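Contents: one structure, followed by commentary.
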């Protein structure tokens, strides 16, 4: 999530995307008939009783959790359509992700921490600082099949922080290896890393440089480090997800979908000023849940998300 207080800066970035990316050009919004969206389906509004929604992720049952960061809450949207508050005083959670054991990982932006929340809502602080200095502000994350946690750490000034500048140098991507408490930088070449997602087999990691207007793909080595950085598409993204076919979904002005070769195959318009993030959920993992500013939407799909 970008800073709510930095709306003007985002509009500027948004304008650059609209100017330089065909996905945003003109008014020709469409959902290409590529077999990924259910026949006749359109995004359905679930609710708009929020300030800024982010961080959607699904548990193993398909229930979806997302954040309303300005109001410091994590919400749950169950598979039966019930919407409820999962957690108050949620650390100003931003990006979130469930691991295979049912733990909910959260970028707890209030104190620049990384949390693990178990099924009993017990919070474990996994990362509190980096060599005694605050992280910029963990933004989005992905947990690999073996339990390594990759997260982006851009600097977006928050109204709830006392500090007004970074304590560390650079905006990077880090990994917290499974069973370790040591944070390791794995990407330090991006202007402002933001959205992040990996493939179901754990072989590749996608990272968006929102400010740079690009998304990259990296090979994940056996030791958890990254190699073979490749430009995937000339488009940045606030959040992202992948499906079982290897397609990559980027956000911003609606949802833009690329196949694994980086070819755009669809654009899904969302009737909001900014689309922040998305995930697959539902009992069959075939519903695309979209957080878009003050609202959340659901779209029936033909493809399934990864588990």
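Below are the figures for this structure:
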read-out	value
From the options 277, 284, 247, 259, residue that is surrounded by fewer than 19 Cβ atoms within 10 Å (Cβ to Cβ) and under 22 Å from residue 95 (Cβ atoms)	247
Residue identified as closer than 17 Å to residue 290 by Cβ and either surrounded by fewer than 17 Cβ atoms within 10 Å (Cβ to Cβ) or touching a strand residue (DSSP E or B) at 6+ places or on another chain (Cβ under 7 Å) (or both) among 124, 79	79
Some residue of the range 229-236 being assigned to a loop (DSSP other than H, G, I, E, B) and modelled with pLDDT under 95	no
Failed criterion for residue 211 (all others in (1) at pLDDT 95 or above; (2) surrounded by fewer than 21 Cβ atoms within 10 Å (Cβ to Cβ) hold)	(1)
Single match in 239, 282, 252 (criterion: within 14 Å of residue 297 (Cβ to Cβ) and more than 11 Å from the chain's Cα centre (by Cα))	282
Number of the condition not met by residue 233 [criteria: (1) surrounded by 15 or more Cβ atoms within 10 Å (Cβ to Cβ); (2) within 19 Å of the chain's Cα centre (by Cα); (3) within 27 Å of residue 115 (Cβ to Cβ)]	(3)
Within the range 286-307, tally of residues that are assigned to a loop (DSSP other than H, G, I, E, B) and under 17 Å from residue 39 (Cα atoms)	4
Condition check for residue 98: surrounded by fewer than 24 Cβ atoms within 10 Å (Cβ to Cβ), in contact (Cβ under 8 Å) with a residue 12 or more places away in the chain and under 14 Å from the mean Cα position of the chain (by Cα)	yes
Selected residue (only one of 69, 44, 61 is touching a residue at least 24 places away in the same chain (Cβ under 8 Å) and out of contact with any strand residue (DSSP E or B) (no Cβ under 7 Å at 6 or more places or on another chain))	61
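Quick grid of which residues meet (1) surrounded by fewer than 24 Cβ atoms within 10 Å (Cβ to Cβ); (2) closer than 18 Å to residue 306 by Cβ; (3) within 19 Å of the chain's Cα centre (by Cα); (4) in contact (Cβ under 8 Å) with a residue 12 or more places away in the chain:
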position	(1), (2), (3), (4)
84	yes, no, no, no
103	yes, yes, yes, yes
128	yes, no, no, yes
160	yes, no, no, yes
163	yes, no, no, yes
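The values are calculated or read from the model by the stated rules, or taken from the named source; none is laboratory data. Predicted model, so just to flag it, every value in this text is computed and none were measured. We place every Cβ from the backbone using ideal geometry, glycine too, and count neighbours over all the protein chains shown.
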